[in-house]
Each structure stands twice: as structure tokens, then as C-alpha cells.
Amino acid sequence: MSSAAPLRFGMSNDVRKFIQWYSQYQYENGMVPCVVDRRGPDPVPENDSHGEFIYSCMEYFRFTKDTSFLREEWSHIAAAAGYIQALRSQRMTKEYETTKRAYYGLVPESISHEGYSAKPMHSYWDDFFALKGIRDAAAAAGVLGDRSSRSRYDSIARAFQDDLDSSIVSSMRSHRILYIPGCVELGDFDPTSTSISLFPCDAVGWLPREALNETFAMYYDWFVQRENGQAPWDAFTPYEIRNAGTFIYLGKKERANRLLDWFLRFQRPSAWNGWAEVVWHNPDTARVIGDMPHSWVGSDFINVFRAMFAYERDDEPSLVIGAGLRDEWVRQGLGVTGLPTHFGTVSYAIQPSGRSGVKVDISGTVNAASSPILVPVTLLSRPLRSARIDNASVTPVNGYVRVTSLPASVQLQY
């Protein structure tokens, strides 16, 4: 399964029907097939699909609040969560407690990460999705009032997170690296894979922060060299686009927009407004291009574009607005109307105010008391002098003005 952009942007009955159709091919042991085609479910083990399925169910619910759907899918969600835990148990024996500690509590190796198709690896890609699936199983149980299941899955998720964190630190130590690796065995540098830890897997709150920052500092340095022609290249896979979203989540909007400007230059064919799975520097190169247009790449772009205007933090429920907006857009003024989010709809209008200020008028159905709206102080890339909400002076916290009731008017003076 992919991370399924329609679940974020196409709130239609077709999405519900697709998930229900797909769930009928789940194996009796809870395994979610990575592929279903005219021959039926593919038995090849790819250990990201189980967590992705649970995430897809909860993502649909978060936007639609369709409890009946969640209840109908609960047996499939629970089975997938059980399968994830069964996979983990294979790496929780005495052998893994001692001589193979770096693998302890992870899901087994697989080829879901296509870079490991020649030889399966213990890919953190799989584990990030698996952990997200367990967390979302706990969330689904909470919605359905199943306190016992919620408590059990919460406990599993906490233990899984600790094991995954320990594994990352152990792998970094054994390979003598400062970045988060793609898998345990290789200590490989793979920021495009690591990006999914932030979205959709919500791991930014617990990942080793210095290592996370180093990972994407290294990536950005390499990106600039490639952009400037200092690093020769023949081809790239546009999955990289999701790294622009990572820079938004890390509060570096200038870097995010620089990436997007470059990637947009390489849409092929340009009139199609999309990307092939592989993009060659020379467009006349007669070599493999994979799928064209590639829908997962397209969903990555849509998710990044949406994050420029709004994105959710589900681990500590809040909604961040405007974190990726270009300075020139903010200076000109812009508006967003009725944007669906996990917490309700949000609308906002940004207008220049005076010689060096910005005014943000916010409304919508979001219950900001329980899910605050966070306005970044970096709407303009200048030092902030003061902030006010409804003419009352406020102090930003961690780079955000925190709005806890709607409607609200935020004034930022630079």
C-alpha cells in the first residue's frame, strides 16, 4: 500500500469503498498484502503495508468522523496490529536480547524499501510504519470505547518506540555515523526514507534530535551541490519531494521552497504536471523511467503543498498553519477557506499590516481549546518584534503563537 493521498484530500465514499475492498484480501493471520492485482493478494512479505493499512483507516476517520466505518474495519485493524506484534516477537528472543541487540523488538527484514530488493534488510522504513499502525490502532480503540484494547496497544507502542529508538542509536554507534540510518545492517544515508518518520509517522517528538537535524543538514548540503552543478548526477527518484515537507516540519521553509523550485523544473513531460518514478538529467536518455506519472510521487507533492498551508500534529493535538508560505505570498496577502483537517475545518486570511507587520484572521470549526492552532513567527523571514492575539500581547512559545479560541486575529510585528 502507499501512503494514499486520497485519504487526505478526497473525502468521498470511493475511499471508504476502496479500503473495504482491500481489507477483504487480508490474510487470516492479519498480514496485509503489499499488492492486490487480478491474480489476488501478493504473498511477498513487505512489512510496511500492515501499518499503512491501519493508518489509512484512521486517516479516513480523522477527516470524516465516520465511526460506523471504523467499527466495520475494527476486526481488520486489530488483526493487522496483532500481525505487527507477531512480527516483532520474532526479534524478541534471547538471541536478540544479547548478541543481536540492535535488532531487538523490530519487525523482520523485508524488501518493501526498494533499495533493499537485492537483499532484505531490517529497514527503519518498515518500523516507522509499523509503530504508526500500532499507535493508530490504539487511537481507533479509543474512538470505539474499547479501553482494554487501547491500553494494550498504547503499552505495545511505548515499548516499540523504546526498542526502535535504542536500535537507531545502536546502529549509529556501530557504524560511527551522526545521521539516522536507513537500516540496521548498512548504516546507510537515506534521508528520503527517513522523511516518512515525520510524515505520516509522527516520530519527530522522540527521534534523536541532533541526528535528525544532521541527517537533513547533510542532505541539504548535497542538494545544493547538485543544484549548482557541483555534484554531477544522471538521474533521481522524485520521492525526494517529500524532503521538502520535512523541512517545513523542521521550521526551515526557505529550504523547503528551494527544493520545490528545483523539483518542479524536472516534471516530465512538463505539460503533464507530474513526475516519472525516475527522472533523468538528460530528458532524451533512453533508460528505465518506471511509472509515469507516478502516483506516490504525486501524493508526496500534494502532501507537501498542503503542509505549506496547514498540517496536523497528532501526538500533541494541534494544527500548524502557514509554516511553508513564501515571504512574497505573505506580503501580497492570501486566504484559505474551509480547509479540512483532523480537528475540523479552518479558514484564515493573511494581510500585510502597516510597514512591517502581518495580520492573520482565523476562523473555522476547530476546537482550538483542545487542539490549538499554532501560527509560526516565521511567516516573514525576519526577527519578530512583538505578537498579539485580539490586541492582547502574547509571548510566542517555541517559535509559535498559540491560538486557543476562534475566531481570532493574530498580529505579528517585524
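Laboratory data are not the source of any read-out in this text; all were calculated from the coordinates shown. Bear in mind that the values here come from a model prediction, so they are computed numbers and not experimental data. Neighbour counts run over all protein chains shown; Cβ positions are idealised from the backbone, glycine included.
Annotation: amide H-H contacts under 5 Å for residue 394 (H modelled 1.01 Å from N, sequence separation of 5 or more, or interchain): 387, 388, 389. At q = 0.15, 0.18, 0.21, 0.22 Å⁻¹, what is the log10 ratio I(q)/I(0) for the range 302-414, with the Debye formula run over Cα points and no solvent? Debye curve over Cα of the range 302-414, log10 I(q)/I(0) at q = 0.15, 0.18, 0.21, 0.22 Å⁻¹: -0.57, -0.84, -1.18, -1.31. Rounded to the nearest 20, the size of the Cβ-charge dipole of the chain about its Cα centre is 1160 debye, with Lys and Arg at +1 and Asp and Glu at -1. Computed from phi, the 3J(HN,Hα) profile of the range 360-372 under the Karplus parametrisation 6.51, -1.76, 1.60 (θ = phi - 60°) reads 10, 9, 10, 8, x, 9, 4, 7, 5, 5, 9, 10, x Hz, with x in place of Gly and Pro. The range 262-338 and the range 48-119 have Cα centres separated by 27 Å.
Maximal additional length on extending the residue 365-residue 266 stretch stands at 31.8 nm, based on 0.36 nm per residue less the C-alpha distance. For the listed peptides 367-374, 100-107, 379-386, a ranking on the average number of other beta carbons within 10 Å per residue, highest first, reads 100-107, 367-374, 379-386.
When each of the peptides 322-335, 228-241, 340-353 is scored by how many other beta carbons lie within 10 Å of its residues on average, the order from highest to lowest is 340-353, 322-335, 228-241. Note on the chain: helix-only mean residue ellipticity at 222 nm, from DSSP H runs of 4+ residues weighted -39500 (n - 2.57) and normalised by residue number, equals -13000 deg cm²/dmol.
Over the range 17-58, the fraction of Cα-Cα pairs per 5 Å bin, rounded to whole percents and listed from the shortest bin up, is 5, 24, 37, 26, 8, 0. Label positions at residue 174 and residue 146, each projected 7 Å from the Cα along the C-beta direction, are separated by 3.5 nm. Counted by neighbouring Cβ atoms within 10 Å, the residues 77, 302 run from fewest to most as 302, 77.
Computed from backbone phi with θ = phi - 60° and the Karplus coefficients 6.51, -1.76 and 1.60, the 3J(HN,Hα) list for the range 134-150 is 5, 4, 6, 5, 4, 5, 5, 4, x, 4, 8, x, 8, 5, 4, 5, 4 Hz; x is used for glycine and proline. Once the cut-off is 16 Å, how many percent of the Cα-Cα pairs in the range 233-308 end up in the long-distance tail? The proportion of pairs with Cα distances above 16 Å equals 46 percent. What is the Cα centroid distance between the range 197-255 and the range 354-414, reported in whole angstrom? Each part's Cα centre sits 27 Å from the other's.
Fully extending the segment from residue 388 to residue 68, taken as 0.36 nm per residue of separation minus the present Cα-Cα distance, adds 111.0 nm. Summarised in one figure, the compactness ratio Rg/Rh of the range 6-212, Cα atoms and Kirkwood Rh, is 0.97. Over the chain, the reciprocal of the mean inverse Cα-Cα separation, the Kirkwood hydrodynamic radius, stands at 22.6 Å. Of the trypsin sites (Lys or Arg not before Pro) found in the range 174-248, those in coil by DSSP whose Cβ has at most 10 other Cβ atoms within 10 Å are 176. Relative to the longest principal axis of the Cα atoms of the chain, the long axis of helix 13-23 lies at roughly 20 degrees.
The HN-Hα couplings worked out from phi for the range 77-83 by the Karplus form 6.51 cos²θ - 1.76 cosθ + 1.60 (θ = phi - 60°) are 4, 5, 5, 5, 5, x, 5 Hz, whole numbers, x standing for Gly and Pro.
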